[in-house]
Amino acid sequence: MKTELPLTIENKTGEQLTFQRITVKEGIEYLEVENKIQPDAGPPMHVHYQQDELISVISGKMEYWELNGEKKYAGAGDSVFFKAGIPHKFRNAGSEILHCSGYYSPACNTVYFLSEIYKSINENNGRPGIYDAAYLLEKYKSEFGLLEVPQFVQKTIFPFVLWLGTRTGMNKKFANAPSASKK
């Protein structure tokens, strides 16, 4: 499934993300992005198992941290790099829109995964629907993880939700989902 870029997605929690283009430099793939985040908004604690992530602040103030790490801040002109496999979180710590650019490298299924998560957030009052979260986190577990979903839920509730969803046809909405990237 090939998505035309640029593509802008937004969610009800205050995040807008534009996937600009995919470039290849010296044999390395980069999914170039731009985001705008409302005050106090930002993604939950998450991890990209295969993708490095770079965020460069164009304007505003970003608070960021790695799992169990101290909170740090970045302003206009600063860049923050998150290595693949390192859980992290960031948010707009200012009173104006946080405007950033950056990349994910390699792209893998970032466009599809985040587009579906944002769509589910918008359809379910600011949180992904339980079936959507279960399906996407299971299918793309080699690429992405959401650490704010309790392990009990992921290991006990999600398998039941997936089983039930398959039997009731909920999985049909993901019929065109691309295969997960293998590391």
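Of the set (1) surrounded by 13 or more Cβ atoms within 10 Å (Cβ to Cβ); (2) assigned by TED's automatic domain parsing to the domain that holds LEU31, all apply to VAL153 but (2). Close Cβ contacts (under 6 Å, 6 or more residues apart or on different chains) running from residues in region 55-74 that are under 15 Å from GLU96 (Cα atoms) to residues that are of a type in the set (Phe, Trp, Tyr) comprise MET62/PHE90; GLU63/TYR73. Go through region 3-49 and tell me which strands (runs of 3 or more DSSP E), entirely inside it, have 2 or more residues that are free of Cβ contacts under 8 Å to residues at least 40 places away in the same chain and either closer than 24 Å to LEU137 by Cα or touching a strand residue (DSSP E or B) at 6+ places or on another chain (Cβ under 6 Å) (or both). In region 3-49, the matching strands (runs of 3 or more DSSP E) lie at 15-25. Here ARG167 passes the criteria (1) surrounded by fewer than 13 Cβ atoms within 10 Å (Cβ to Cβ); (2) closer than 19 Å to LYS36 by Cα except the one numbered (2).
Here is the figure for region 92-104: residues that are assigned to a strand (DSSP E or B) and either within 13 Å of the chain's Cα centre (by Cα) or small (Gly, Ala, Ser) (or both) total 4.
Of all residues in region 136-162, those being closer than 19 Å to ILE9 by Cβ and either touching a residue at least 40 places away in the same chain (Cβ under 8 Å) or of a type in the set (Gly, Ala, Ser) (or both) number 5.
The values are calculated or read from the model by the stated rules, or taken from the named source; none is laboratory data. Keep in mind the model is a prediction, meaning the values are calculated, not measured. Note that each Cβ is placed from the backbone with ideal geometry, even for glycine, and that neighbours are counted across all protein chains shown.
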